[in-house]
Every structure is written in C-alpha cells, then in structure tokens.
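The values are calculated or read from the model by the stated rules, or taken from the named source; none is laboratory data. As the structure is a computational prediction, the values presented were derived from the model and not from experiment. Cβ placement follows ideal geometry from the backbone for every residue including glycine, while neighbour counts extend to all protein chains displayed. All accessible areas refer to the heavy atoms of the entire protein, side chains included, with ligands and DNA or RNA removed. Shrake-Rupley method; radii C 1.70, N 1.55, O 1.52, S 1.80 Å.
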Amino acid sequence: MRRRNFIAGLVSTTATWPLAGRAQQPMPVVGFINAGSADGSAARAAAFRKGLNETGYVEGQNVTVEYHWLEGHYDRLPALVTDLVRRGVAVIATPANTLAALAAKAATATIPIVFGVAEDPIRLGLVASLARPGGNVTGINFFTTEVTAKALRHDLVPKAVRIAVLVNPANAATAEPTLRDVQEAAPIIGLKTQILNATTIGEIDAAFATFARERPDALFVVPDGFFYSRRGQFATLTAVNKIPAAYWDRDIVAAGGLMSYGTDIADAIRQVGVYTGKILKGAGPADLPVLQSTKFEFAINLQTARALGIEVPQNVLSIADEVIE
C-alpha cells in the first residue's frame with residue numbers, strides 16, 4: 001500500500017512539472033515607443049493592444065508591453081533604443097513614429113521592428129521592398145505626408161489667402177517631406193504660406209501669439225505625435241484666437257479641431273499590434289509584407305465651425321466621412 005501511494009504521489013508530482021516550467025517562463029517584452037505623452041496618447045496604446053489581442057496576446061497575461069513616451073523629446077531616442085537592444089526585448093514597436101523606426105533600425109539588425117510611418121518606407125531605407133521587406137523590419141505606411149494637398153483644402157474658408165503652417169522641426173523625418181508637399185501644393189490652390197516652428201508646449205503658445213498678431217486666414221498643423229498629444233491645447237488656442245485649423249487626424253477634430261483629412265491612424269496602429277503578435281508567435285519580419293492604409297477620413301466639427309462663424313457648405317458636408325456635432 002505504501003509503495004502504491006508512493007508511486008501515485010510520484011506520478012502526480014511529475015505530471016505537474018511541465019506546467020510549472022511553463023508558468024515560470026518569462027513573458028516576452030515588447031518595447032513600445034510613442035512621440036507623445038501617456039495621457040495624451042492613451043488611444044494609441046489602446047489600438048496597439050487591440051491588435052495584440054487579435055493574435056491571442058493579452059498584456060500582463062502572456063506579454064509585457066513597456067511604454068516609452070517621448071513627450072516630444074526626440075533626442076531621447078538613441079539612448080532609449082540602445083537600452084531596449086541591450087536588454088534584448090522580443091519586439092520593438094514604433095507605431096506612428098518614423099524617427100523611432102529609423103533609430104531602432106540603426107541600433108539592431110536582429111531584434112524584430114514593427115513600424116507605422118507616414119512616409120515611403122523604401123525611400124526611408126527601412127525595407128528593401130513592400131512585398132519582401134527583408135531584414136528585421138516591417139510594418140505599415142499610412143500615407144500622412146502624401147495627402148497634404150487634400151488636407152490643405154480650403155472649401156471651409158474659401159477666401160483664405162495666407163495660411164500659417166506649424167511644424168515640429170525635431171521630427172525632421174516627417175516635417176521635411178510634409179513641408180515640401182505644402183510648398184508645392186499651396187501655390188496651386190492659391191495659398192501663400194508662413195512656416196512657424198514649435199517643439200515644446202511653450203513654443204506652441206508662442207506660435208499662437210504670432211498668429212494673434214499677424215492674423216493668418218487659416219492654420220495647417222503638420223503631422224506629429226507630440227502635436228497629437230497636445231490636441232486639447234490646439235483646440236483651446238484656435239478657439240481663443242478664432243483661427244480655422246486643418247489637421248491630419250480625426251481625434252484632433254473630436255477634441256475641438258475644425259477639420260482633418262488623413263488615414264485611419266488608429267487602425268494602422270492596431271495593425272502594428274497584429275504584426276507584433278504574429279512575430280511573437282514565430283513569424284519573421286522579412287516574411288510579413290509592408291501594409292498600406294486604404295481607409296481615408298475627412299472629418300468636420302460643426303460646433304467648432306459655428307464658433308468660428310463658418311457656414312459649412314452642403315456639398316462639403318456630403319463628402320465628409322464624419323461630422324461631429
């Protein structure tokens with residue numbers, strides 16, 4: 001009897017060893033890099049987690065996500081990616097952050113990198129081709145800098161002649177090509193441009209002080225992750241200074257901006273999460289083709305338009321994808 005009990009106990013104990021071993025396995029770590037702030041970019045993180053969930057990964061259960069918020073301090077990138085590489089994270093995810101993608105690629109040729117960029121990833125040198133990325137990098141191109149002409153549309157302010165353009169020069173990878181597009185598109189649609197820079201909260205305030213003195217007819221805000229996280233500040237300043245402003249993301253319009261035209265960036269970031277999950281499951285970045293956004297959104301905030309004294313034409317309302325009351 002004692003022998004049978006001993007054998008039964010031994011079988012019971014050894015049967016639990018594989019389970020115990022699995023439980024002790026450390027969860028893979030994903031380094032998530034965002035240009036904005038934790039509170040201002042919470043929706044971006046939620047979209048990324050949604051993509052991870054679609055592939056069976058749940059934060060805190062079978063994957064750890066380390067969130068790194070630059071808050072506009074792009075100069076932190078070299079040290080940050082160097083640390084992620086040194087610690088050997090499983091994946092580096094850089095949704096909506098071209099400079100972070102470039103910094104990560106420069107830092108490692110082995111750790112998988114999943115990007116979301118607004119520019120041509122081949123021209124940037126991130127991948128060899130869209131269908132066959134090669135190397136350790138893949139992701140999605142959401143075309144923000146390639147739809148500038150439509151974002152500049154002034155159907156809502158048909159008498160606009162002078163347009164101020166606010167850009168973050170610290171984010172050169174996005175700022176420079178967008179400014180080129182602006183300067184090419186503006187004369188064609190009869191606009192003169194004035195370029196102003198802002199890299200901090202204080203410099204955004206200073207730029208609007210300039211607008212208050214010089215009274216441009218409208219404002220175009222160049223895409224930037226830090227600017228996105230300051231959308232509440234932009235909504236307040238444009239309202240106080242009565243400046244019609246165009247953006248690239250409908251979230252900014254939902255926060256009080258006048259209008260936006262651009263791709264569905266939240267969906268693009270969700271796809272970055274999906275690709276991150278696939279890589280964690282064993283897929284290689286070189287085998288995951290670079291995706292291209294196909295969904296574009298034109299959003300208008302009618303309440304903001306009324307506050308600015310703008311009557312939105314019916315033909316403009318009819319083509320808007322979203323009208324926020």
Every residue in the stretch 265-292 that is touching a Ser or Thr at 6+ places or on another chain (Cβ under 7 Å) and either outside any loop (DSSP other than H, G, I, E, B) or under 16 Å from Glu322 (Cα atoms) (or both), please. Ala268, Val274, Tyr275, Gly277, Lys278, Pro285
Given (1) assigned to a helix (DSSP H, G or I); (2) closer than 21 Å to Asp249 by Cβ; (3) modelled with pLDDT of 95 or more, number of the condition Val85 does not satisfy: (2)
It is to be established whether one or more residues within the stretch 115-135 are in contact (Cβ under 8 Å) with a residue 40 or more places away in the chain, more than 26 Å from Asp181 (Cα to Cα), of a type in the set (A, V, I, L, M) and in contact with a helix residue (DSSP H, G or I) (Cβ under 8 Å, 6 or more places away or on another chain). no
If you take the residues of the stretch 132-146 that are open to solvent by 20 Å² or more (accessible area, probe 1.4 Å) and modelled with pLDDT under 85, which of them is farthest from the chain's Cα centre (by Cα)? Glu146
Give the stretch 281-302 a look and list any residue that's more than 20 Å from Val127 (Cβ to Cβ) and touching a residue at least 24 places away in the same chain (Cβ under 8 Å), or say none. Lys281, Lys295, Phe296, Glu297, Phe298, Ala299, Ile300, Asn301
The residue from Ile92, Ile163 that alone is open to solvent by 10 Å² or more (accessible area, probe 1.4 Å), at pLDDT 90 or above and in a strand (DSSP E or B) is Ile163
Of Asp249, Asp264, which residue is modelled with pLDDT under 95 and open to solvent by 10 Å² or more (accessible area, probe 1.4 Å)? Asp264
Exactly one condition in (1) at pLDDT below 85; (2) of a type outside the set (A, V, I, L, M, F, W, C); (3) in a loop (DSSP other than H, G, I, E, B) is false for Ser129; which is it? (1)
Could you say whether any residue in the stretch 7-21 is open to solvent by 10 Å² or more (accessible area, probe 1.4 Å), closer than 21 Å to Pro223 by Cβ, modelled with pLDDT under 95 and assigned to a loop (DSSP other than H, G, I, E, B)? no
Answer yes or no as to whether Leu317 is aliphatic (A, V, I, L, M) and either buried (at least 18 other Cβ atoms within 10 Å of the Cβ) or in contact with a Cys (Cβ under 8 Å, 6 or more places away or on another chain) (or both). no
Among the listed residues Pro187, Pro216, which satisfies the condition of being open to solvent by less than 20 Å² (accessible area, probe 1.4 Å) and either farther than 28 Å from Trp69 by Cβ or more than 19 Å from the chain's Cα centre (by Cα) (or both)? Pro216
Would you point out which residue out of Thr276, Thr304, Thr263 is of a type in the set (Ser, Thr, Tyr) and out of contact with any Phe, Trp or Tyr (no Cβ under 8 Å at 6 or more places or on another chain)? Thr304
I'd like to know if the stretch 279-297 contains one or more residues that are at pLDDT below 90, under 30 Å from Ile243 (Cβ atoms) and crowded, with 17+ Cβ neighbours inside 10 Å. yes
Ala209 being small (Gly, Ala, Ser), assigned to a helix (DSSP H, G or I), under 24 Å from Asn171 (Cβ atoms) and within 16 Å of the chain's Cα centre (by Cα): no
Taking the stretch 112-126, which residues are in a loop (DSSP other than H, G, I, E, B), crowded, with 20+ Cβ neighbours inside 10 Å and of a type outside the set (Asp, Glu)? Pro112, Ala118, Leu126
